[in-house]
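As structure tokens, the structure follows; a few thoughts come after it.
The values are calculated or read from the model by the stated rules, or taken from the named source; none is laboratory data. Because the structure is predicted, anything quoted here is derived from the model rather than measured. So basically every Cβ, Gly included, is an ideal-geometry build from the backbone, and we count neighbours across all protein chains shown. Surface accessibility is based on the protein's heavy atoms, side chains included, excluding ligands, DNA and RNA. Shrake-Rupley method; radii C 1.70, N 1.55, O 1.52, S 1.80 Å.
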Amino acid sequence: MTGTLTTRRVLGAVLVVVAAGLAVAATFLTAYSVQIVIRGQALRYEATFWAVGRDDFREVLLLEPLELGEPVLGAALVMALAAVLAFRVPALRVASLLGAGLLAGVAWAAVSRVQGLVKALGEFNSRVPIEVEQSEGITLLVVAAGVAVVAAVLHQELPRADQAEPVGDGVVVHQLDDDADDTDTPPYGYPVIVEPKSD
């Protein structure tokens, strides 16, 4: 199977590129938002993985973007290059696994940072409720990471159990029991004829 293009490998390569594109697109969407309603007026903060999209608080809450766009871009680049170059150099398929692992790590870090922000703002002594929302940017990044992991595994094209290599015709050694009877085959493969001794 090595060196031949199969449907599974091509599907894996296509899905790796799709996952990389989804991950890059996710970084430009809103990652999280914070909102406070005061006297009927909503004050809102929105941030992507790169920059602040909206800040009605005028830096009062000291919020900042996730700043995880570069690792996502790096993981996506590794995955895309692995998917394209692996057709010429099959060993580079391993790079799609590395990129998918990096992407999954960044997605986990993004979710953890938003959860940490929710906890920190929950402990903030405020007279009005503060709403923190994980937005579509992180959701899409988590989906992209999941697709990337599945795609990277498909891209490796691991051998199936029913397609295992047949066992070669090697030397088979059988061990005889110590208390073998006369029906056992002698060590040399044929019975040794012993003539009776003459007196």
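Taking Leu102, is it out of contact with any Lys or Arg (no Cβ under 8 Å at 6 or more places or on another chain), not in a helix (DSSP H, G or I) and not aromatic (Phe, Trp, Tyr)? For Leu102, the condition - out of contact with any Lys or Arg (no Cβ under 8 Å at 6 or more places or on another chain), not in a helix (DSSP H, G or I) and not aromatic (Phe, Trp, Tyr) - is not met. For first residues located in segment 39-57 and over 15 Å from Glu131 (Cβ atoms), partners that are aromatic (Phe, Trp, Tyr) and surrounded by 18 or more Cβ atoms within 10 Å (Cβ to Cβ) and lie 6+ apart or on another chain with Cβ distances below 6 Å form the pairs Asp55/Tyr45.
Among the residues of segment 150-159, some residue qualifies, meaning at least one is open to solvent by 70 Å² or more (accessible area, probe 1.4 Å) and at pLDDT 90 or above.
Being farther than 26 Å from Arg9 by Cα, among the aliphatic types (A, V, I, L, M) and within 15 Å of the chain's Cα centre (by Cα) is the filter here, so list the residues in segment 65-120 that pass it. Correct list: Ala109 only.
Across segment 1-56, the qualifying residues are those that are at pLDDT below 90 and within 17 Å of Gly146 (Cβ to Cβ), and the one among them that is most open to solvent (accessible area, probe 1.4 Å) is Leu11. Restricting segment 112-137 to residues that are in contact with a strand residue (DSSP E or B) (Cβ under 7 Å, 6 or more places away or on another chain) and in a helix (DSSP H, G or I) leaves a set whose member that is farthest from Ile36 (Cα to Cα) is Val114.
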